[in-house]
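Please treat every number below as a calculation from the coordinates, not as lab data. These figures come from a predicted structure and were not determined experimentally. As a convention, Cβ positions derive from the backbone with ideal geometry for all residues, glycine included, and neighbour counts pool all protein chains shown.
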Amino acid sequence: MASAARNTLFILPAFALHAAVVSVPLISLMFFSFTDWNGLATPSFVGFSNFSRMLFDDANFRRALVNNVTYMLIFLTIPIAFGLLMAMLTVRTGRLQVVYQALFFIPYVVSPAIAGKIFMMFYDPYNGIGQFFASIGWSFLADIQYIGNRSITLFSIAFVDIWHWWGFVMVIFVAALHQVDRSLYEAAEIDGATKLQRFFHVTLPQIRPTLLTLITVTIVGSFVTFDYVYVMTQGGPAGASEMASTWIYKRAFSSYEVGYASAMSVFVCGACVMAYWLFQRIRRNSEVMP
C-alpha cells in the first residue's frame with residue numbers, strides 16, 4: 001500500500017500538468033462551442049447554432065476544409081514518396097549515411113516563421129527567383145506570381161512545407177529500413193525476384209507500421225497546419241490559401257467570435273480523432289497479418 005501511495009505521488013504532478021494544459025482547456029473548448037461569446041463578456045448558451053452555421057452558412061469554412069484536404073493529398077504523396085526514395089538511397093551510402101541524414105534533416109529544425117519569410121523573398125515578383133529566371137532567359141517562369149496567383153498559392157506554400165518536412169520523413173524511413181531482416185532480401189534474390197518485386201513484397205510489408213504512422217501524422221498535421229500559411233499569406237489572396245486553423249484564428253482574435261471559433265475547433269479536433277482511430281485500426285490489422 002505504501003509503495004502504491006508513493007507511485008501515485010510520483011505521477012500526480014504529471015496528471016496535474018495534463019489537467020492544466022489539456023483536460024481543462026478541452027472541456028472549456030467544448031463548453032464554449034455551444035455559446036455565443038466574444039472572449040470577455042458572459043457567454044450565452046446558443047445550443048447547436050454554431051455548428052449549424054459552420055456546416056451550412058459559412059462558405060469560407062467549407063472552402064478552408066477543401067484547402068485542408070488538398071494540402072493533405074499533397075503531403076500524402078510527394079514528401080512520403082520522396083522521403084522513402086531518399087531513405088533507400090541513403091542507407092546504401094555506408095559511412096556517409098549519417099552525414100546525409102544530418103544534411104537532409106537541417107530544414108526540419110529551421111523555424112517555420114523564418115523559413116516562410118525566406119521563401120517570401122524568393123517568391124517576390126520584383127527581387128525574387130523570377131528575376132533570376134528572367135536573367136537566364138526562362139521567361140515562362142519569370143512572370144509567375146507564386147503568391148499572388150490564386151490557382152497556385154496553396155501549392156507554393158506546400159512547396160515550402162515539403163522542403164521543411166521531407167527530411168524528417170526520410171530519417172524515420174531510414175530507421176524503419178534498418179529494422180528489415182536482410183535475410184528476406186537474400187531469400188527473395190535467390191528466388192529470382194527483381195528489385196521492384198523486392199520493394200513491393202519485402203520492403204513495403206516490413207515498413208508498413210511506420211508508413212501508416214506517417215500517414216496518420218500527415219493527415220492530422222494537414223488539418224491543423226497554420227504557421228506557413230499565416231506567415232506567408234494569412235489565407236490570401238481572397239481566401240485561396242485559407243485553412244481551417246487560420247479561419248478559426250481570424251474568427252476568434254479578429255472578429256471576437258470565440259464561441260463560433262470554439263465550435264469549428266471541436267469539429268476539426270473530431271476529424272483528427274476519427275482519422276487517428278481509423279489508421280490505428282488499420283495498423284493493428286496490418287500487424288496481425290501473416
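A few points about this structure:
- Look at His178, His164 and count the other Cβ atoms within 10 Å of each Cβ; fewest to most, that gives His178, His164.
- Karplus 3J(HN,Hα) series, Hz, for region 97-106 with 6.51 cos²θ - 1.76 cosθ + 1.60 (x for Gly, Pro): 4, 5, 5, 5, 4, 5, 5, 6, 7, 3
- Relative contact order (%) - criterion: Cα under 8 Å, at least six apart; region: region 48-288: 29
- Global form of region 48-288, assessed from the alpha-carbon gyration tensor, a/c cut-off 1.5: oblate
- Positive-pole candidate from Phe48, Gly148, Leu212, dipole of the chain, charges at beta carbon: Leu212
- Candidates per chymotrypsin sites (Phe, Trp or Tyr not before Pro) in region 35-114, loop by DSSP, up to 12 other Cβ within 10 Å: Phe48
- Ascending count of other beta-carbon atoms within 10 Å, so fewest first, for Thr213, Thr77, Thr218, Thr35: Thr77, Thr213, Thr35, Thr218
- Along region 167-176 the Karplus relation, 6.51 cos²θ - 1.76 cosθ + 1.60 evaluated at θ = phi - 60°, assigns HN-Hα couplings of x, 5, 4, 4, 4, 5, 5, 4, 4, 5 Hz to successive residues, with x for each Gly and Pro.
- Shown in residue order for region 150-158 are the 3J(HN,Hα) couplings computed by the Karplus curve 6.51 cos²θ - 1.76 cosθ + 1.60 at θ = phi - 60°: 4, 6, 10, 4, 4, 6, 5, 5, 4 Hz (x for Gly and Pro).
- The H on the amide N of Thr35, modeled in the peptide plane, is under 5 Å from the matching H of Val46, each at least 5 residues off or on a different chain.
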